[in-house]
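Notes to accompany the following structure.
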Amino acid sequence: MTHLFHEFFLVLFGAALAGVGWLIKRWTTKAKDTEDVQGLMTVVGLHKVLREEGLSMEEAVRIREGIRSGKLSVTPAIADAIANREPISGLLDEAEKTTDFYNTTVGMKLEAGMRFEKLNAELALVISEFTHSMNPERFDFFEKSQKAWVRYRECETSFTASLWSGGSGAPLLGLARSIEITEQRIDELKLQIAEEAAL
């Protein structure tokens, strides 16, 4: 039990040090100032686009939130109304009632992409936990193994997607395979972590 607490403390301490290092780097490189300028430029650009397209901020937010939630996709009628600077509120109401975005190929691909990104973040965390106490030689072997695994995942994804080559579902099929392989890798590493902790 003490060993687990000690390892947990080391991981926590390492994360705190990494956070402090990140803050120091942001402070010394003036990253926040750059981000503020970029944010301001984004707001100015957005305001310009809204003004040019004749959209209110409320309509733009409603479109964004509708697409994010899967309740809305931008229909040709909405696109034409925006292009012709016509009111779109009624069109948005109708589109929200009739569109089930996540049942479309694009919606499913978007949802799978978000799942894949979440799994990649989880994998990075598990790898960090797995490698934090490795000696340099073992870490080098793991790093080579991980690079080979990433290459395998890419090839397997392409191979699986080629089953529907040229079809709109091909990327979704490949993404589903990537998700499956990544979940397996996370499980394998978690199992190794548990086995090493039991030693």
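Quick note: the coordinates plus some simple rules give every number you see, no bench work behind them. Since the model is a prediction, treat every value here as computed from it, not as a measurement. No Cβ is skipped: glycine too gets one built from the backbone with ideal geometry, and neighbour counts run over all protein chains shown.
Results, tabulated for the structure shown:
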{"quantity": "Around F159: net Lys/Arg minus Asp/Glu count, Cβ-Cβ under 14 Å", "calculated": "0"}
{"quantity": "Charge tally in the Cβ shell below 14 Å around A121, where Lys, Arg are +1 and Asp, Glu are -1, A121 excluded", "calculated": "-1"}
{"quantity": "Spherically averaged projected area of segment 105-198 from its Cα convex hull (nm²)", "calculated": "6.2 nm²"}
{"quantity": "Rule-of-thumb Rg ratio for segment 105-149 [Cα; 2.2 N^0.38 Å; N residues]", "calculated": "1.57"}
